[in-house]
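The values are calculated or read from the model by the stated rules, or taken from the named source; none is laboratory data. This structure is a prediction, so every number in the text was calculated from the model and none was measured. Please note: Cβ atoms are built from the backbone with ideal geometry, for glycine as well, and neighbour counts cover all protein chains shown.
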Amino acid sequence: MLVVSFIIHVVLLLLFSGVILPKMKTPPKPVYVVDLVNLPVKDPRAGRPDVRKGPEKTEPTPGASAPEPKPDAVPLPPKPEAKPEVVKPEPPKPKPKPEPKPEPKPTPKPTPKAEAKPKPEKPKPADKPKVTDKDEASVTSALDKLQKKQEYAGVQDKIAAMAAARNKGSAGDVPIGMPDGKGSEEGVASDAWLQEYLKQAWRLSKYQVGRSDLETKMQLTFDAQGKLANYKFTKKSSDARFDDSVVRAVLQLKDYPVPALADARKDVVFNLKELQRQ
Amino acid sequence: MKKLTTFFILLLALIVSIPSTVRAQIEVSAPGQQAVPLAVTQFLPMEGAARPELAKEIEQALSWDMDLTGMFSLVDPASFLSDARVLALNSVEIDFAQWRLLRADYLIKGGYVVQGDQLTLEARLFDVVERRLLAGRRYTGKVADARRMAHSFADQIMKSLTDENGPFNTRLAFISNRTGHKELYLMDVDGHNPTRVTDHRAIVLNPDFSPRGKELVFTSYKGGNPDLYRKETYSGKEVRISAQRGLNIAGRYRPDGRELAVTLSRDGNAELYLIGTSGSINKRLTDAWGIDSDPSWSPDGSQIAFVSDRQGNPHIFILDVAGGQVRRLNSSGKYNVTPAWSPKGDRIVFSRLAGGQFDIFSINPDGSDERQLTFGGGNKEHPRWSPDGRFIVYSSTEQGKRGIYVMRADGSGGRPVALGGGDNSHPAWSGEW
């Protein structure tokens, strides 16, 4: 009985150890990795990239990110557009706003052209109660002042954010964004952004290179505008095709200045680890 | 004790502080796109009248080749901007910004001149990102050779981007019964220009290309017996090189082209023999009670993979040519046939009958890492490698009729190249043509 049991155990062991029944390898399933967190954003808002999400930030700094968040508190007419028809107080204000994003609020005034004052009935006439045509000039100048103030506050905030980013201090109540952002989308940490950008820009077919254990290291230097100023290999792979493909990816940073990377120096490793896992 | 504690605290502080002084590395562990965007423009006349049908044919041949490689994603020609319509063949004249806009990394442009039946073709491959010429060739020949010129340039592109020549300006041999008899045919890699090579009006089988030139060996029942023939495709000259009693089948050139391994049954049982190119028997390679057939040489000529039923069902064995030792390649499957050793020596493909259907598998020569390459309905058989080892040609019944298909060595990208005109099977891929 003991012998029979022993034999059965040995046979089972042999069967499942692959000596008798060979193991059949099933073709590996491809793995697709999609990074939804670090996707480069088109329109980063101001803030600190390394802040991790906490309980929803109140509101970004009122400054540069003026556009979207306060729909109700902005009964202010879309600044310069109101001017044209009535009086022209002073020629073209040297408006410092860098880019035209005055239309984030499509709601307040449809097309103000014809009757430029539907605002009287607005619930929040706020500080400027009646805006008659005569007061238009003073309204616009007040707006400009306000805007300058806001921009100043924004710049202050940006400086603070950048300083904080350098010091790696606590997050405070700074929103997630990019230090120099002005848009409406959450930014991400500059390293994570750079990693994702380079990944997207890197195009290499596995049929182009014979091996998947290739690795190359580069040092990227950015200028004051955040544009790629220089790159150098700190370690080359043994495959020139691989290295070429990496250079092609890195060169695309020349077209895309990223203020968050201003004066930065980054060490980047390129390899095919994800392909090895497939 | 206190000193020791202080020492450890300091050591700890030192260890903790080290990483902060080292700049963090950013790791990019895979390319975001594994197919490189390539724009293939239609070639333009450099002088004389435009020949749109010719330009279309060149573009189609190039696009087909590039698509088969799996390396590229072809940019939709409908999105091309004005530069595609300008005959600009140097990197100064090309508006690379347009191609960057379309996210193309590489660009193929070219021009042609037709004078009578003579064609001159200028073809260029550009790197759009670095704005430079990567490969350029001028071809002259007959207008009818336009596709061959395009295939030849496709080979240059592969050379330029991978350091290894492509296999596109080569030929596929196959057996077809489109005339009512099984005859030997040749065609381009993409299935164009099929031409009949034999007119034996009998059964022709099992072609193989000579590694040294435009020669083929095959078996034919032309004389009533399955004898081995050799044919020069350039001269049409054909000779019977082995007419032993019984089978003279599955002739395969040794990689140096000086001898052939062949199955002969002159002594009753089908065994492998080594014969000279004139048919002289140089050596008997196997001696077993089972049938030994379908030899395939390792690239260095030291080993032969072959099929034998010496252990019951047909299985693949590896023979050491010098020593005569035989080992079974793998123990999986119950019916493994038609092995083909890759030109790089790293894989062996074969077909396996399982569940009433043949599929193609590949395996390392030491029997490890077996992978199934084909799936789905229909029988996939007779796999053979392209000369660069990137592709596999095989026959398949997946669309009903048996046709010739090609796929990449990893089993992806399979597509038919010869479907029409009867039953097509037993393909072989030539070397450089």
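At a glance:
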| item | result |
| --- | --- |
| Tally, over segment B:153-170, of residues that are surrounded by fewer than 21 Cβ atoms within 10 Å (Cβ to Cβ) and more than 24 Å from residue A:248 (Cα to Cα) | 1 |
| Considering residues of segment B:317-346 that are of a type in the set (A, V, I, L, M, F, W, C) and either within 14 Å of chain A (Cβ to nearest Cβ) or in a loop (DSSP other than H, G, I, E, B) (or both) only, the residue surrounded by the fewest Cβ atoms within 10 Å (Cβ to Cβ) | B:322 |
| Count - residues of segment B:12-31 that are facing another protein chain (nearest Cβ under 10 Å) and either modelled with pLDDT under 90 or assigned to a helix (DSSP H, G or I) (or both) | 5 |
| Residues that are more than 14 Å from every other protein chain (Cβ to nearest Cβ) and not in a loop (DSSP other than H, G, I, E, B), drawn from segment B:85-118 | B:85, B:98, B:108, B:109, B:110, B:111, B:112, B:113, B:114, B:115, B:118 |
| Strands (runs of 3 or more DSSP E) within segment B:212-265 that include 3 or more residues surrounded by 21 or more Cβ atoms within 10 Å (Cβ to Cβ) | B:215-220, B:227-232, B:248-253, B:259-264 |
| Residue list for segment B:280-297, filter: out of contact with any Ser or Thr (no Cβ under 9 Å at 6 or more places or on another chain) and in contact (Cβ under 8 Å) with a residue 12 or more places away in the chain | B:282, B:284, B:285, B:287, B:289, B:297 |
| Meets criteria (under 30 Å from residue B:409 (Cα atoms), more than 14 Å from every other protein chain (Cβ to nearest Cβ) and either within 30 Å of the chain's Cα centre (by Cα) or modelled with pLDDT under 95 (or both)) for residue B:56 | yes |
| Failed item in (1) under 30 Å from residue B:346 (Cα atoms); (2) in contact (Cβ under 8 Å) with a residue 12 or more places away in the chain, with residue A:244 passing the rest | (2) |
| Residue list for segment A:197-207, restricted to those being under 19 Å from residue B:103 (Cα atoms), of a type outside the set (Gly, Ala, Ser) and either away from every other protein chain (no Cβ under 11 Å) or surrounded by 19 or more Cβ atoms within 10 Å (Cβ to Cβ) (or both) | A:197, A:198, A:199, A:202, A:203, A:204 |
| Residues of segment B:207-245 that turn out to be within 27 Å of residue B:298 (Cβ to Cβ) and of a type in the set (Gly, Ala, Ser), as a count | 3 |
| Residues (crowded, with 18+ Cβ neighbours inside 10 Å and over 18 Å from residue B:137 (Cα atoms)) located in segment B:68-98 | B:68, B:69, B:70, B:71, B:72, B:73, B:75, B:80, B:83, B:84, B:96, B:98 |
| Subset tally (residues that are part of a loop (DSSP other than H, G, I, E, B) and of a type in the set (A, V, I, L, M)) for segment B:361-418 | 2 |
| Failed item in (1) surrounded by fewer than 20 Cβ atoms within 10 Å (Cβ to Cβ); (2) closer than 30 Å to residue B:164 by Cα, with residue A:214 passing the rest | (1) |
| Output for segment B:294-313, where each listed residue is small (Gly, Ala, Ser) and either under 23 Å from the mean Cα position of the chain (by Cα) or not assigned by TED's automatic domain parsing to the domain that holds residue B:249 (or both) | B:296, B:298, B:301, B:302, B:305 |
| Criterion violated by residue B:164 - all others in (1) farther than 30 Å from residue B:205 by Cβ; (2) outside any strand (DSSP E or B); (3) within 14 Å of another protein chain (Cβ to nearest Cβ); (4) in contact with a helix residue (DSSP H, G or I) (Cβ under 6 Å, 6 or more places away or on another chain) satisfied | (4) |
| Among (1) touching a helix residue (DSSP H, G or I) at 6+ places or on another chain (Cβ under 8 Å); (2) under 17 Å from residue B:41 (Cα atoms), the one test that residue B:139 misses | (2) |
| Residue under evaluation residue B:199, criteria (1) buried (at least 17 other Cβ atoms within 10 Å of the Cβ); (2) within 30 Å of residue B:144 (Cβ to Cβ); (3) not β-branched (Val, Ile, Thr), criterion not met | (1) |
| Selection status of residue A:238, over 21 Å from the mean Cα position of the chain (by Cα), under 15 Å from residue B:31 (Cα atoms), surrounded by fewer than 21 Cβ atoms within 10 Å (Cβ to Cβ) and of a type in the set (Ser, Thr, Tyr) | no |
| Unmet criterion (only one of (1) at pLDDT 95 or above; (2) more than 14 Å from the chain's Cα centre (by Cα); (3) of a type outside the set (Phe, Trp, Tyr)) for residue B:419 | (1) |
| Yes/no for residue B:345 being modelled with pLDDT of 95 or more and in the same structural domain as residue B:424 (by TED's automatic domain parsing) | yes |
